[in-house]
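A short write-up of the structure that comes next.
The numbers here are math on the coordinates, done by the rules we state, and not lab data. Bear in mind the structure is a predicted one, so any value in this text is a computation, not a measurement. Because the Cβ atoms are built from the backbone with ideal geometry, glycine has one as well, and the counts that use them run over all protein chains shown.
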């Protein structure tokens, strides 16, 4: 296998991550670079992670409301929260906002 001095130097100084391509992780050194058409095709084939069923969304909202309610009941507890007063206040605001959702 052919030596790659630039690649080795970059790795030595901590820049090896610059050589990685997030979309084309399995592309071998020396293969042609991806074209714009390749990127468009990859984006179209990407699974839409935000496509949840209404049932899953409602369940997630219910779970969030349940956990926030439990944390609000804990109140200003310095054993649990580092800044208990600010945490309790923020949780109450979150609780009010979650009541408006779903």
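Here are some notes:
- Globularity index of region 54-100 is 1.25 (Cα radius of gyration / 2.2 N^0.38 Å, N = number of residues).
- A full extension of the chain between residue 40 and residue 72 corresponds to an added length of 6.9 nm, given 0.36 nm per residue minus the alpha carbon distance.
- Label-to-label distance, residue 63 versus residue 10, with points set 7 angstrom from Cα along the beta-carbon direction: 3.9 nm.
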